1. Within the range B:99-115, take every residue that is hydrophobic (A, V, I, L, M, F, W, C) and open to solvent by less than 10 Å² (accessible area, probe 1.4 Å) and give me the one that is nearest to the other protein chains (Cβ to nearest Cβ).
2. Quick one: C:V141 ticks every box in (1) closer than 30 Å to B:K246 by Cβ; (2) buried (at least 24 other Cβ atoms within 10 Å of the Cβ); (3) not polar (S, T, N, Q) except a single one, so which number is it?
3. So for the range C:289-297 (the condition being open to solvent by 50 Å² or more (accessible area, probe 1.4 Å), within 13 Å of chain B (Cβ to nearest Cβ) and outside any loop (DSSP other than H, G, I, E, B)), does at least one residue qualify?
4. On the given criteria, is C:K82 open to solvent by 10 Å² or more (accessible area, probe 1.4 Å) and without any contact (Cβ under 8 Å) to a residue 40 or more places away in the chain?
5. If you go through the range A:624-651, how many residues are assigned to a helix (DSSP H, G or I) and over 15 Å from A:G665 (Cα atoms)?
6. Inside the range C:190-215, can you point out the residues that are more than 13 Å from chain B (Cβ to nearest Cβ) and either within 16 Å of ligand 2 (Cβ to nearest atom) or open to solvent by less than 10 Å² (accessible area, probe 1.4 Å) (or both)?
7. Going through A:S103, A:S108 one at a time, which residue ends up being open to solvent by 50 Å² or more (accessible area, probe 1.4 Å) and hydroxyl-bearing (S, T, Y)?
8. Would you mention how many residues in the range A:328-357 are more than 22 Å from A:T27 (Cβ to Cβ), open to solvent by 20 Å² or more (accessible area, probe 1.4 Å) and either in contact (Cβ under 8 Å) with a residue 24 or more places away in the chain or not in a helix (DSSP H, G or I) (or both)?
Amino acid sequence: MLTTIEKILFILLALVSAGFTVHGFKTIIDTIRMGRPAPELKNIPASLLKAGVTVLFQQTIFKARKVLSAIHMGLFFGLITYAFVNLVDALEGLVPNFDLIYSGKHLSPPAWTVPLINAYNLISDVMSGFLLIAITVFLVRRFIVKDKALAYRENVLLNPKVKAGGQAKDSLIVGVFVIMHVSAHLMSQAYRLTEGADPFMPIASFLNSIFGASQTGVHVAWWISIGWVMFIIPYLSRSKHTHFFMAPINLGLAKQNPRGQLDPAIPLKVIDGRKYDPGAKVITDLAWTRIMDAYACVQCNRCQDVCPANFYGRPLSPSALEVNKRYLLKEATFGSHPDLLLAPLTETVISPEAVWSCTTCYACVRVCPVGNEPMADIVDIRRRMLIDGFEIDSGVQNALQSLATNGNWMGKGKRLRGRWAKEMEFPVKNATEEPVEVLWFVGDTASFDERVIPNTKMVARIFHQAGLDFGILYQNESNAGNDVRRVGEEGLFEQLVEQNMAAFGKAQFKQIVTTDPHSFNTLKNEYPQFGGKFEVKHYTVTLLKLFEEGKLTVKNKLSHYKVTFHDPCYLGRYNGGFTAPRKLLELLGVEFHEMPRNCENSFCCGAGGGQIWMGKVAPGERPAENRIKEALTTFERHPNEKKQLFIVTCPKDMVMYSDAVKTTGNEGKIEVRDIIQLVAEAVGVEEVSQIVG
Amino acid sequence: MNIVVAIKHIPSIADDLPVKGNNVDFDSVDFVLNEWDEHSIEQAVLIKEAVGGTVTVVGVDLIGELDNALHLALAKGADKVVKITADDPAADSHQQAKWLAEAIKGMGADMVFAGVQASNDIDGQIGPMIAAYLDMPYIGGTSAIEVSGNTATVSKEFPGGVGMKYSVTLPFVAGVQSAPKPPRYAPVSKVRQMAQTATIEKVAPTGEASAGLAFKKMAPPVATGHAEMIEGSPKEVAAKIVELLKSKGLA
Amino acid sequence: MSNDVFVITEHLDGKFSDVSFEMVGKAKELAKALGGQAVAVVVGGGVEANVFASDSTIQVDDAALSQFNPEAYGKVIEALVKEKAPRVVLFGWTVTGMDVAAWLSARLGVPCAAYAKDVRVEGGGVVVSCQAYGGKLTAEVAPEGETAIVACLAGSFPAEAGQGATAAEKIASPVDLSGLKMKFIEMVKPAGGDVDITAQTKLVSVGRGIGGKENIELAEELAAKLGAAVSASRPVVDAGWLPRTRQVGKSGLKVKPKLYLMLGISGAPEHLEGMKSAELIIAINTDKKAPIFNVAHYGATADLFEVAEAMLELL
Ligand SMILES: Cc1cc2nc3c(=O)[nH]c(=O)nc-3n(C[C@H](O)[C@H](O)[C@H](O)COP(=O)(O)OP(=O)(O)OC[C@H]3O[C@@H](n4cnc5c(N)ncnc54)[C@H](O)[C@@H]3O)c2cc1C
Ligand SMILES: Cc1cc2nc3c(=O)[nH]c(=O)nc-3n(C[C@H](O)[C@H](O)[C@H](O)COP(=O)(O)OP(=O)(O)OC[C@H]3O[C@@H](n4cnc5c(N)ncnc54)[C@H](O)[C@@H]3O)c2cc1C
Ligand code: SF4
Ligand code: SF4
C-alpha cells in the first residue's frame, strides 16, 4: 500500500522510535539496578509466568472497585487485541496488496482461514468501538467528574509536578492517543471498503457509508494510526503508563517471604563489598524491587482508599509515596535533576509526619494490583530516621526507652510481669522452671494493663479447666518486638529477640500460644530467622482445638448475643487467621453478622506500628471510631432486642475499641468483649467483670 | 569547652523495691540511670554541638553494671566515659560525690553537670556536693544553659512557670532539671556498636565522705491502696471535702 | 553549739512561700523538744520579714540578696550556721533550698536528710522520715553529729503554725558579696494565653461524668471559688467541651498540683499517667468500683453535680 518513499520514511521513523524506546527502558533498568539487593527471589521464571497469567485475567485489580475494574479489564483486552491489530495494520502498509477486508478476498486465502479472518475483522472492529467508549469513561472520570479517589488530601506531600497536574497530563496524552489511534485505524479500514459494507466490520462499514472510500484517506489514516504508535511507545517509558510493561514484571518479582516478615534493615546479600546503613534515606537506599514499584504503580489510589491513616486525615497516602518516587526518578533520570537521587525521601516523597502515621496494617500492600509495598518503604525510612537521630514522638521514645530497660513499653518493672499469675486461684507454671506442653507468650498489654488482666486471667482459667499443660515465662518474657521493629528500631528488636530466645532456651515446651496477634506475627514469621524453631499458635486456634477435642464443651449457648468480629491486622491479613475465631463464635451459638470490611479487607483499629505509643493524638475521626460505627450500621440491618457485642481477639483492640465506644457515645448500644469472655460464659466459668476505664 | 557529666546509677523504681534490714535489698533490684542524668547529658551534648568541645561522662560503678549506661551516653554524643570502680551498692550521695569530685579534679572541667536530683538522694544530691568538694559555685534546677566565651547564661526554673536568668563565670557545677530539648533517643544498634568498639576508662575510688545518717528503718509507706472513702449524703460529702481542703490550706 | 532550729525561709517577688511557714511551725515544735529557739532566717534585701511565728527572725538585709542567688545565699547561710551552730537547719526541698542544703552539708561536713516528710525528736536525737525512691519507700534516718540539715518536702506540715509577726532583726551580710561568679540577670514570667494547667497548684478536673458542655460552667464556678483551674480527661476535650490545652494524661499534659479534684473521671491508665503524682487527689464518682478509687487519696461515691453544688454553697 505504501509508496517507496513512505516506506523509507516509515523505517526511519521506526528506527528513531526504537532508539528512544531502548534508551527509555535501559534508563529504567539502570535506575532499578541502583537499588539495594532485595531478599532472594526463588523460581523467578515460574512466578513471572504466574504473574503473566494473573495480569491476563486481571485478577488482582478486582480486590477493590469491581465496576471500574471490569472496564479496566475491557481496556486491557482491547489494548492486547490492538497490539495484534497494529501488526496487521503494519503489514497492510508494508506488504503490497495486503489487506483483510471482505474476508481477505484480495489475498485469495485458503478456505479454512476465512472464518478466522472474519472473526478477526469482527473483533478488531467491535473492540475499537469499545475502546473508544471505555477511554472516554476514564477520561470523563478523571477530567469531568474528578473522582475523589484519584485526588490527594491537602496535607499530603506531593511532587510539584504532580500538584500541577502532571498525572492528568499523562492520562490526557495517552487518552488522546488511544482515541486518535483507534479512530484512525477505524477510518483506514472504512476508506478501504471500495465495495460497500463488510458484514464483519459493522463500525467501519457504518463510517464508510458516511465518508465513502478513498486511497488518500487510507494513507492519511494509516499514518495517523501507526505514526502515533511510533511516538507513543517511547513516550510510555517516560510516563506513568510504564505500568503497561512494568506491572506484570513487578508482580512476578513481588515479595515472596511471608507477609509478616519485614525485609532486613541492612540487606543480607552484599554486592561488591558495599557497606549499607540501616534503612533508607534516599531513594537508592530502597531495595531494587521497591524502586521498580514506582514504575509499576498504576496510580490507581486503591491503597489510599484502604489506608486507615489516610482515613484519619493524617498526611499519609501510600499512593502519593509511589507517585512521588516515580516523579523523582523521572526528573532525576530523564530530566535534568540527577541530584534528586541524593535528596532525602522525607523531603521529596513522604513527609516525616506521614512516615510516623503508618499503622503498618498491610492493607496497602494487600490491595495493590501490581504487588507494590509502600509500607516497606515507610518502615525503611523510619529505620534511618531513628539512626540519624531525628526527633521522634515523645510517647514513642518513652515506650522504646522502657522497652530497652524493662522489656515492656509500659514502664513497669520486669518482675511485675507475672504478678497477675500469682494472683490466680491455682498455680501457673513457670516454664523456665518446669517443662510444659504449651508455652503461653502473654505480651505486654495482657500482662500489665489493668483493664485487660481480667481477660488474661480468664484465658488461664479456661486453659486450666481444659486440662491444658501450660506455663508462662514470668519475668523472663520480654516484649516480642513486633511493633518495635515496625517503628524502625531494628537494634532494639534484635535485643528483644535475643532476650526472648534466651528465655525460650531455658524453657521446655512443645508449642507456643499467644494471646497477642502482634507477638504471634513476629514469633511465627520473624523469629525463625533468628534461630527460633517452634510452632506458634494464636489462642483462638488453641481454644477451637480444645472444643474439637471435647476438652471444652459449650454448656450455655449464647444465642442472646448479636455479635460482629473485628479481624486484627496481625492475625487476619498478615497470617490468614480468619476461620478459627469465626468457628468459635459459631460453636458458641451467637447471632453473628459480618461487617462489610472483614477478613482480608478488615479495617485497622489504628494502634499498630507503634501508633498506640504516640504521645500526640491528632484530631479527627479515629479509625477505631469509624469501625464501631460500621459495626452498629451492620447491626441496624438486623434489628432485634439482643445485646450487641463487638468481639476482639487482641488485647490492644480491647483498649482501642472500649475507648472508641465511649468517644462515639455508644455505651449501652454496643459492648467490646474479648472472645475469651464469651467462651467463659459458654463453658460456664465464672462471669468476668466488665472492662473498666 | 570541656564538659564533665557526673551520673548516678540508681535502683529502678519501676519494680517493687524489696527491703533488707534497714535499706533496699540491692541484690534484688535493677539499677538504671537516674532520669535527670538523661537531661544533663543532653544539655552537655547540646552545648558541645553549639560551641565545640568534649563531653566526658563519669559515674560510680556500684554493682559492676554501669557499662550499659556509659555506652548509652556515648551513643548520645559523649566523647569519653569513665567509671569509678567502687562495687558498693549502698554508697550514699556524699561518698559518691567525693569519689566523683576526686576523679573530676584532674579533668580540667569548664563545667560539671549532674542531674538535679535522684530518687535515692536521701542525703542530698551529688551535684551541689561535687561543687562543694571542687570549690566551684553550684546552680540547680536549670532549664537551659548557653555558653559564650568564659561565661554561661543559665536559666533556672521556679514554680508557677517563672524563670530566672543568671550569668555564671566558668567553671561551675550545674544541676540540670531539663535540657532545652527532650533528651535524644539513642538507637540500640548504636549503643551496641559502642559496646563493641568503645573503651571505658577505669578509675579507682579515692577520698572518703559520709552522709552521717544512721538508717533506722526502711519500709513502704503505710499502704494507701484504696482511697479513704467519704461516706454520707452529697451534702455531707461536700462538707467533709471543704473541711479537708481548709485543714490543708487549700480552700 | 546551740539547740536552736534554723529555718531557711524562701521568698519570690517579695512573698514568702508556704513551705517557709510550714517549716517555722515545725521548727517551733522541734525547738521546744530540744530546748532551743526557732529562728527564721531571711536572706534577702527589702523583704517584709515580720510575718513568722518564730522565736526570733534574722534578716540578712543586703541589696545584693534581693533575688535568689545560690552562690551568695550559700555563702551567707554558711557563715551564719558556722557562727551560730544551730542543732537543726531546715531547708525546703525546693528549687532554692535544693541548691544550698546539700552543698552546705558537704561544705561543713554535717549530715543532710532530704525528701523529709517528717522531723521529730526522739530520745534527744533528731529523726527524719524521708520519702525515698519516688515515694515507694520511707526511710527513717537519724543524723549524727552536732548539726543536722533537713530538707523538707513542701506541704508536709501545716502552714498556720508558722504564721505570726515576730519582728525581724536586720543584720548586714556576714560575708563579702563582691566578686561573685554568679550574677542574677532577669526574671522571666510566663506568657499569657490559655491557662497553663501544668503551672496550677489546684485543678478541678472533669471527665465524661460532667455530661455536656453546658455543665462545664459548674466546674468553672467551683474552680473559681477554690482558686483553681479546670482541666479534663480526653473524652471531654475530644467532645470540644474544653480546649486541648486542658487535657491531662498520656496524650495530654502531665500535671502535679497540690489538689486534683476529680469529678466524673473513671481513672483509665492513660489519664493516671498525667496526674498520679498530684499531692492530694479527691475523686467523686457514682460508680463505687471506678478504678480511680485505687489511686485517689479520698473518694466519695456520689453524684458530682450534687456534691459540686453543695460545695459551692459552703465555700
Ligand atoms: C492511645 C490512647 C491515649 C489516651 N490518652 C488519654 C489522655 O491523654 N487523657 C485521658 O484522659 N484519656 C486518654 N485516653 C482515654 C482513656 O482510655 C479513657 O477513655 C478516658 O480517660 C476516660 O475518660 P473519663 O474518665 O472522663 O470517662 P469515663 O471512663 O467514661 O468515666 C466517666 C466516669 O464518670 C462517672 N460518672 C458519670 N456520671 C457521674 C455523675 N453524675 N457524678 C459522678 N460521677 C459520674 C462514671 O461512673 C465514670 O466512672 C487515651 C486512650 C487511648 C487508647
Ligand atoms: C526541682 C524540681 C521541680 C519539679 N517541679 C515539677 C513540677 O512543677 N511539676 C511536675 O509535674 N513535675 C515536677 N518535677 C518533676 C517531678 O519530680 C517528677 O519527676 C515528675 O512529676 C514525675 O512524673 P510522673 O509522676 O508522671 O512520672 P513517674 O516518675 O513515671 O511516676 C511517679 C510515680 O507514680 C507511680 N505510678 C506508676 N504507675 C502508677 C499507676 N498506674 N498508678 C499509681 N501510681 C503509679 C510510680 O510508682 C511512681 O512512684 C520537678 C522536679 C524537680 C527536681
Ligand atoms: S500499612 Fe496501612 S497505614 Fe501504612 S500506609 Fe499502608 S494502608 Fe496506610
Ligand atoms: S501503589 Fe498499587 S494500589 Fe497504590 S496507587 Fe500504585 S498501583 Fe495503585
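The values are calculated or read from the model by the stated rules, or taken from the named source; none is laboratory data. This is a predicted model, so every value here is computed, not measured. Ideal geometry is used to build each Cβ from the backbone, glycine not excepted, and the neighbour counts take in all protein chains shown. To get the accessible areas, we keep the full protein, side chains included, count just its heavy atoms, and leave off ligands, DNA and RNA. Shrake-Rupley method; radii C 1.70, N 1.55, O 1.52, S 1.80 Å.
1. Here is the first cut: in the range B:99-115, the residues hydrophobic (A, V, I, L, M, F, W, C) are B:99-101, B:103-104, B:107, B:109, B:111-114.
Within this subset, residues satisfying the condition of being open to solvent by less than 10 Å² (accessible area, probe 1.4 Å) are B:100-101, B:104, B:111-114.
Details: B:L100: 12, B:A101: 9, B:I104: 14, B:M111: 12, B:V112: 13, B:F113: 14, B:A114: 11 Å.
It comes out as B:A101.
2. (1)
3. We begin by selecting, within the range C:289-297, every residue open to solvent by 50 Å² or more (accessible area, probe 1.4 Å); these are C:289, C:294, C:297.
So of that shortlist, the ones also within 13 Å of chain B (Cβ to nearest Cβ) come out as C:289, C:294, C:297.
Checking the rest, the ones that are also outside any loop (DSSP other than H, G, I, E, B) come to C:294.
Looking for residues that are open to solvent by 50 Å² or more (accessible area, probe 1.4 Å), within 13 Å of chain B (Cβ to nearest Cβ) and outside any loop (DSSP other than H, G, I, E, B), one finds at least one in the range C:289-297, hence yes.
4. Numbers: open to solvent by 10 Å² or more (accessible area, probe 1.4 Å): yes; without any contact (Cβ under 8 Å) to a residue 40 or more places away in the chain: yes.
Yes: the conditions hold for C:K82.
5. Start the filter on the range A:624-651 by keeping residues that are assigned to a helix (DSSP H, G or I), which leaves A:624-636, A:651.
After this cut, where a residue has to be over 15 Å from A:G665 (Cα atoms) as well, the list is A:634-636, A:651.
Of the residues in the range A:624-651, 4 are assigned to a helix (DSSP H, G or I) and over 15 Å from A:G665 (Cα atoms).
6. Result: C:S205, C:V206, C:G207, C:I210, C:G212.
7. Working: A:S103 fails: open to solvent by 50 Å² or more (accessible area, probe 1.4 Å).
None of the others qualify; the one that does is A:S108.
8. Taking the range A:328-357 and keeping what is more than 22 Å from A:T27 (Cβ to Cβ), we get A:344, A:346-347, A:350-357.
Filter again for open to solvent by 20 Å² or more (accessible area, probe 1.4 Å), leaving A:344, A:346-347, A:351-353, A:356.
If we keep only those that are either in contact (Cβ under 8 Å) with a residue 24 or more places away in the chain or not in a helix (DSSP H, G or I) (or both) as well, we get A:344, A:346, A:351-353, A:356.
Counting residues in the range A:328-357 that are more than 22 Å from A:T27 (Cβ to Cβ), open to solvent by 20 Å² or more (accessible area, probe 1.4 Å) and either in contact (Cβ under 8 Å) with a residue 24 or more places away in the chain or not in a helix (DSSP H, G or I) (or both) gives 6.
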